[in-house]
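Colleague: Sharing a structure below in structure tokens format, with a few things to ask.
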Amino acid sequence: MARSARKEREIKEREELILDVARRLLVDEGFPALSMDRIASEIEYSKCTVYQHFQSKEDVMAGLAVSTHRRRTEFFERAATFQGRPRERIMAVGIAADLFIQLYPSHFRAEQISLLTGDLDKLESQRLRQCYDHENRCFEICCGIIRDAVASGDLTLTPPNDVETLTFGLWSMSFGSHFLGHTMGRFQNHVAAHDLYVALYLHFA
């Protein structure tokens, strides 16, 4: 039994190593540098070993997405338990999204590259479904807080606005602000990165 537990731990550790190397290659050298051969060379295992964990380069990308979404979901779930009014709780979720990126910048950067260059929708895999499950969980956390705001009288929604539309707007604004904050070269003469986050929090409030 102990041997089985140790074997499972070794498999999990090796999979995390593959993802760490893949994330570094993606962030440091770009999407073309990511390949099963290169990953195998970097981790000093055979390519066959890599294929025991991931079926393809796209599957590795899906694994990176799951890892990022899982961590983000943990941040959102902790923020959602904040004891306060709905406005304070949605602000806590916004801060959690910011904190996640500050603590795991390579995850966020790899996610940006994946969205721009990957084609994960072509891959029907358990990992991709897990990714969508985490994403939907984060979205539903925000929807739940907004529903509480409406129920408590803190927020009044007028058509065509509804809970899902408002949540999507906040989600888009948060992701877009962080994206711009990490690619500020073209905007640095007009606005400082810090001001983007100030504007984001003001809109969340």
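The values are calculated or read from the model by the stated rules, or taken from the named source; none is laboratory data. This is a predicted model, so every value here is computed, not measured. Because the Cβ atoms are built from the backbone with ideal geometry, glycine has one as well, and the counts that use them run over all protein chains shown. Accessible surface is based on the protein model in full, side chains and every heavy atom, while ligands, DNA and RNA are left aside. Shrake-Rupley method; radii C 1.70, N 1.55, O 1.52, S 1.80 Å.
Colleague: Considering only residues that are assigned to a helix (DSSP H, G or I) and of a type in the set (D, E, K, R), look in region 150-205 and name the one that is modelled with the highest pLDDT.
Modeller: Let us first name the residues in region 150-205 that are assigned to a helix (DSSP H, G or I), namely 150-152, 163-181, 184-187, 193-204.
Narrowing further to those that are of a type in the set (D, E, K, R): 164, 186, 195.
Values: 164: 96, 186: 54, 195: 59.
It comes out as 164.
Colleague: If a residue has to be modelled with pLDDT of 90 or more, under 16 Å from the mean Cα position of the chain (by Cα) and not basic (Lys, Arg) to count, how many in region 23-62 make the cut?
Modeller: 3
Colleague: Is it true that residue 89 is open to solvent by 10 Å² or more (accessible area, probe 1.4 Å) and either closer than 30 Å to residue 154 by Cα or hydroxyl-bearing (Ser, Thr, Tyr) (or both)?
Modeller: Numbers: open to solvent by 10 Å² or more (accessible area, probe 1.4 Å): yes; either closer than 30 Å to residue 154 by Cα or hydroxyl-bearing (Ser, Thr, Tyr) (or both): yes.
Yes; evaluated as a whole, the condition is true for this residue.
Colleague: Next question. Which numbered condition in (1) open to solvent by 70 Å² or more (accessible area, probe 1.4 Å); (2) touching a Cys at 6+ places or on another chain (Cβ under 7 Å); (3) among the aromatic types (Phe, Trp, Tyr) is the only one that residue 51 fails?
Modeller: (2)
Colleague: Follow-up question, since we're still on this one. Restricting to region 5-46, what's the tally of residues that are closer than 26 Å to residue 115 by Cα, open to solvent by less than 90 Å² (accessible area, probe 1.4 Å) and not hydroxyl-bearing (Ser, Thr, Tyr)?
Modeller: Adding up the residues that qualify gives 23.
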